[in-house]
Every structure is written in structure tokens, then in C-alpha cells.
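Visitor: To start, I am sharing the structure in question, which I have written as C-alpha cells.
The values are calculated or read from the model by the stated rules, or taken from the named source; none is laboratory data. Quick caveat, the model's predicted, so the values are computed rather than measured. With ideal geometry, Cβ positions are generated from the backbone for all residues, glycine too; neighbour counts draw on all protein chains shown. We work out accessible area using only protein heavy atoms, side chains counted, and drop any ligands, DNA or RNA first. Shrake-Rupley method; radii C 1.70, N 1.55, O 1.52, S 1.80 Å.
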Amino acid sequence: MQVNVVFFARLKRESGLETAMLEALEGTTVRGLASQVEQTYGLSLRGCMVAVNETYAAPEQVLRAGDEVAFLPPVAGGADEDTRCEVVTSPLRLEEASAFLVRPAYGAQAYFVGTVRSPNRGKEVEAIEYEGYAPMAEKVMHAAASEARTRHGELRVMVQHRLGRLLPGEESILIGVASPHRRAALEACDFLIEHLKVHLPIWKHEADEDGQHWVAGQTGHPTL
């Protein structure tokens, strides 16, 4: 059977490929395909997460013909009527979030804006290149918004993450929550911040005074 393999961040650079079509035996698991990928492309997938068809998968999951299998290094860290979740390349605007969130019935809004920091760990940062698995990231954002509502009740939620090369002081992520009540808005915003920094498949390639390097990430799901 054939499966489509997708690489991100260091894996894309080390392999020289963004996607590849591989032949695998029927019944091959995610772990089995990972071993095949390592042998074929000379990569180390140890510690990587895996997504099958844009959903996080366990190493033991059995693959099917036509599956898209994305190998994800540890991550740095669509819309319905009340939710707006987007991965973008354009600048983030707080006033745009306010226009979406503010409604007469929602008396409280809480916002978080993350910007590129310099210095970072004592080093002057020149820029950060954000790379992400956009379709899956937006699914993760929507799922997080749904969980925030389960925990904190009626909410309007907006989440945006920017990709591309950003300079110190530029906004990389914007999270906004509106609720009828102040405490719910604040706590839901905090939940989204902490959840997304672990689960969003987005990576940071930082250029500082010592050169360029990938920012160490986290893994919120089973790894290889």
C-alpha cells in the first residue's frame, strides 16, 4: 500500500523533502513506518509525535492505504459562529479580535498576545522563523476552544497564530475570550495559553547572536 509522508521543521530540512510517497506492507503501524522512514532518509525520529490524517496518533496505530502520516518534532510552545481559529502569515491585530469578540451579552473580554522576545536566555534575538502544520493546528485550536467551553461555559473564542519570519516585538500568537463573566473569561484564556503551547504543531527556528537553532519543544502526545 502507499502512504503519503509529511515532514516539518528539522525533518524537512534534514531530508530535503516536504512530502514523500512510500510503499508499506499491509498492516504496517506508525512505529513500523517510522523505522522505514529512518532507514530510507537517514533521519532520527526519536521523540517525534505523529499525526495520521491531521489527528495525533499512537505509535501502535495501524495505517491504511492513502493515509497522510506527518512526523512532528516536539512543538515549541475554520470557524463557527462563536469561534475563529486561524493560522496566518499576516500581522495580528488586537482590534480585529475585539471586533469579533465584543457583543452586548458578553460583558468580559480577556486577551493574550505573545511577541518575539529579545534578549532570550541572555542572547540577542535577530528573528524567529515560525513553521507549522496549519490544517492540523487549526483543528487543535478548535478542539481547545470546545474544551474551554466545557470548563467555563458560554464563550466566544478567537485564536490566531502567525507563521513566517518575525522580528523582536512582533506578535506571534493572539488569544481572545469573551464571556458574560470576568472570571470565566480570564480562566478560559489562561487554559488556552497553557494548552496550545504544548499541543499546537508549530515550531520556532531562532536566529540569535550565536547563530541559528531550533527552540526546544514539548510533546503532549505519545512519541516514537
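Visitor: Quick check on my filter: what residues within the range 128-146 are small (Gly, Ala, Ser) and over 8 Å from the mean Cα position of the chain (by Cα)?
Guide: Result: Ala143, Ala144, Ala145, Ser146.
Visitor: At least 1 residues that are acidic (Asp, Glu) in each: list the strands (runs of 3 or more DSSP E) lying fully within the range 130-224 that qualify.
Guide: Because the criterion is at least 1 residues that are acidic (Asp, Glu), the strands (runs of 3 or more DSSP E) in the range 130-224 that meet it are 171-179, 202-208.
Visitor: Quick check on the range 55-69. Is at least one of its residues in contact with a Gly (Cβ under 8 Å, 6 or more places away or on another chain), of a type in the set (D, E, K, R) and on the phi < 0 side of the Ramachandran plot?
Guide: Looking for residues that are in contact with a Gly (Cβ under 8 Å, 6 or more places away or on another chain), of a type in the set (D, E, K, R) and on the phi < 0 side of the Ramachandran plot, one finds none in the range 55-69, hence no.
Visitor: Kindly establish whether Val102 is touching a Ser or Thr at 6+ places or on another chain (Cβ under 7 Å) and surrounded by fewer than 18 Cβ atoms within 10 Å (Cβ to Cβ).
Guide: When the stated conditions are applied, Val102 does not pass them.
Yes/no matrix, rows are residues, columns are (1) among the polar types (S, T, N, Q); (2) out of contact with any strand residue (DSSP E or B) (no Cβ under 9 Å at 6 or more places or on another chain); (3) modelled with pLDDT under 90; (4) open to solvent by less than 10 Å² (accessible area, probe 1.4 Å):
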{"residue": "Phe7", "(1), (2), (3), (4)": "no, no, no, yes"}
{"residue": "Leu11", "(1), (2), (3), (4)": "no, no, no, yes"}
{"residue": "Gly27", "(1), (2), (3), (4)": "no, no, no, no"}
{"residue": "Gly47", "(1), (2), (3), (4)": "no, yes, yes, no"}
{"residue": "Ala70", "(1), (2), (3), (4)": "no, no, no, yes"}
{"residue": "Gly77", "(1), (2), (3), (4)": "no, no, yes, no"}
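Visitor: Ok, one more. Filter the range 105-117 down to residues that are hydrophobic (A, V, I, L, M, F, W, C) and in a loop (DSSP other than H, G, I, E, B) and give me whichever is least open to solvent (accessible area, probe 1.4 Å).
Guide: Val116
Visitor: Which numbered condition in (1) within 22 Å of the chain's Cα centre (by Cα); (2) at pLDDT 95 or above; (3) open to solvent by 30 Å² or more (accessible area, probe 1.4 Å) is the only one that Asp82 fails?
Guide: So Asp82 meets the others, but not (2).
Visitor: With the structure loaded, tell me whether Glu147 is within 16 Å of Lys197 (Cβ to Cβ), surrounded by fewer than 18 Cβ atoms within 10 Å (Cβ to Cβ) and of a type outside the set (Val, Ile, Thr) or whether it fails that test.
Guide: The answer is yes for Glu147.
Visitor: Condition check: open to solvent by 60 Å² or more (accessible area, probe 1.4 Å), hydroxyl-bearing (Ser, Thr, Tyr), within 22 Å of the chain's Cα centre (by Cα) and at pLDDT 90 or above. Does Thr19 satisfy that?
Guide: yes
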